[in-house]
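Engineer: Please read through the structure below; I'll follow up with questions.
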Amino acid sequence: MVRTILLVAMLLASVATRAAVGETDSLSNSSNSSDLSSAKARREARKAAYAAEIDDIVKSRNYIFRPVTMQNVVTGNTRSIYAYYLFMGVSGDKVVLHLPVEFTSYVIDTVNLDSFVEGYTATLDGSNWRITFSFMNGSERWLAEIFLSNITGQTRLALVTPKGVMRYLGTLESGATIKKKRRKDIS
């Protein structure tokens with residue numbers, strides 16, 4: 001008899017649980033569809049805000065490229081870059097370059113120069129920016145070509161020089177944001 005009572009109690013509990021889950025499922029399905037549509041709207045809004053942020057950075061002509069990999073296009077292996085102090089900065093008509101280069105196999109050097117930007121162009125093709133300009137390194141003219149996705153943020157910098165072509169992958173950041181971060185770190 002005790003077994004019968006336990007069996008009936010377990011059966012009733014099982015039926016009650018199934019009914020509660022069924023009601024929850026039917027309720028959650030309607031709320032899930034509204035949650036999904038609001039989540040989709042939030043993702044689209046974040047995507048649009050990010051694209052607008054990238055567009056503003058490019059249009060400002062005040063940004064810093066931070067490399068994470070480098071490669072001599074013709075002869076070199078892809079190498080990771082971990083040093084935070086390596087960058088290329090553009091501010092108005094000036095360029096500051098502190099980047100590693102590998103013009104001959106297995107010999108890495110660092111180029112440190114300040115120069116003036118010449119022939120700056122920035123064009124948007126769909127979701128990709130293409131920025132080109134040249135500058136002088138001593139008596140040599142160097143060409144910088146930046147490709148930037150306003151969807152993923154991936155940034156590719158190519159430096160075309162008389163000695164060879166270097167390719168870097170990294171990110172582009174606002175020059176104003178970097179200055180604000182540094183002030184916070186110092187205070």
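Engineer: Among the residues of region 46-92, what is the count of those that are of a type in the set (Phe, Trp, Tyr) and without any contact (Cβ under 8 Å) to a residue 60 or more places away in the chain? Full working, then the answer.
Structural biologist: We begin by selecting, within region 46-92, every residue of a type in the set (Phe, Trp, Tyr); these are 50, 63, 65, 82, 84-85, 87.
Cutting the leftovers down to without any contact (Cβ under 8 Å) to a residue 60 or more places away in the chain gives us 82, 84-85, 87.
The number of residues fulfilling the criteria is 4.
Engineer: Counting just the residues of region 73-85 that are of a type outside the set (A, V, I, L, M) and open to solvent by 30 Å² or more (accessible area, probe 1.4 Å), which one comes out farthest from the chain's Cα centre (by Cα)? Talk me through it step by step, then tell me what you get.
Structural biologist: Filtering region 73-85 for residues of a type outside the set (A, V, I, L, M) gives 75-80, 82, 84-85.
Then drop every residue that is not open to solvent by 30 Å² or more (accessible area, probe 1.4 Å), which leaves 75, 77-80, 82, 84-85.
Numbers: 75: 27, 77: 23, 78: 19, 79: 19, 80: 16, 82: 16, 84: 16, 85: 18 Å.
Restricting to residues being of a type outside the set (A, V, I, L, M) and open to solvent by 30 Å² or more (accessible area, probe 1.4 Å), the top hit is 75.
Engineer: Of everything in region 116-127 that's in contact (Cβ under 8 Å) with a residue 24 or more places away in the chain and part of a strand (DSSP E or B), which residue is farthest from the chain's Cα centre (by Cα)?
Structural biologist: Keep residues of region 116-127 that are in contact (Cβ under 8 Å) with a residue 24 or more places away in the chain, which gives 117, 120, 122, 124, 127.
Of the ones still in play, those that are also part of a strand (DSSP E or B) are 120, 122, 124.
Numbers: 120: 22, 122: 18, 124: 17 Å.
The residue in question is 120.
Engineer: Determine if region 128-151 includes at least one residue that is without any contact (Cβ under 8 Å) to a residue 60 or more places away in the chain, in contact with a His (Cβ under 8 Å, 6 or more places away or on another chain) and open to solvent by less than 20 Å² (accessible area, probe 1.4 Å).
Structural biologist: no
Engineer: Is there a residue being exposed (fewer than 13 other Cβ atoms within 10 Å of the Cβ) and over 22 Å from residue 155 (Cβ atoms) anywhere in region 45-62?
Structural biologist: yes
Engineer: Moving to a separate point now. With 101, 96, 111 as the choices, which residue is in contact (Cβ under 8 Å) with a residue 60 or more places away in the chain, surrounded by 13 or more Cβ atoms within 10 Å (Cβ to Cβ) and part of a strand (DSSP E or B)? Before you say what the answer is, go through the steps one by one.
Structural biologist: Numbers: 96 fails: in contact (Cβ under 8 Å) with a residue 60 or more places away in the chain; 111 fails: in contact (Cβ under 8 Å) with a residue 60 or more places away in the chain.
Going through 101, 96, 111 in turn, just one is in contact (Cβ under 8 Å) with a residue 60 or more places away in the chain, surrounded by 13 or more Cβ atoms within 10 Å (Cβ to Cβ) and part of a strand (DSSP E or B): 101.
Engineer: State yes or no: is residue 68 at pLDDT 95 or above, within 16 Å of residue 168 (Cα to Cα) and of a type in the set (A, V, I, L, M, F, W, C)? Before the answer, list the steps.
Structural biologist: Numbers: at pLDDT 95 or above: yes; within 16 Å of residue 168 (Cα to Cα): yes; of a type in the set (A, V, I, L, M, F, W, C): yes.
Yes; evaluated as a whole, the condition is true for this residue.
Engineer: Let me ask another. Only one residue in 88, 70 is in contact with a Lys or Arg (Cβ under 6 Å, 6 or more places away or on another chain), open to solvent by less than 60 Å² (accessible area, probe 1.4 Å) and not in a loop (DSSP other than H, G, I, E, B), so which one is that? Let's see the steps before the verdict.
Structural biologist: Details: 88 fails: in contact with a Lys or Arg (Cβ under 6 Å, 6 or more places away or on another chain).
One residue alone meets the criteria, 70.
The values are calculated or read from the model by the stated rules, or taken from the named source; none is laboratory data. Note that the structure is a prediction, hence the values are computed from the model and not measured. A quick note on method: Cβ atoms are made from the backbone with ideal geometry, for glycine too, and the neighbour counts reach across all protein chains shown. Side chains are part of the model used for accessible areas, which takes the heavy atoms of the whole protein and leaves out ligands, DNA and RNA. Shrake-Rupley method; radii C 1.70, N 1.55, O 1.52, S 1.80 Å.
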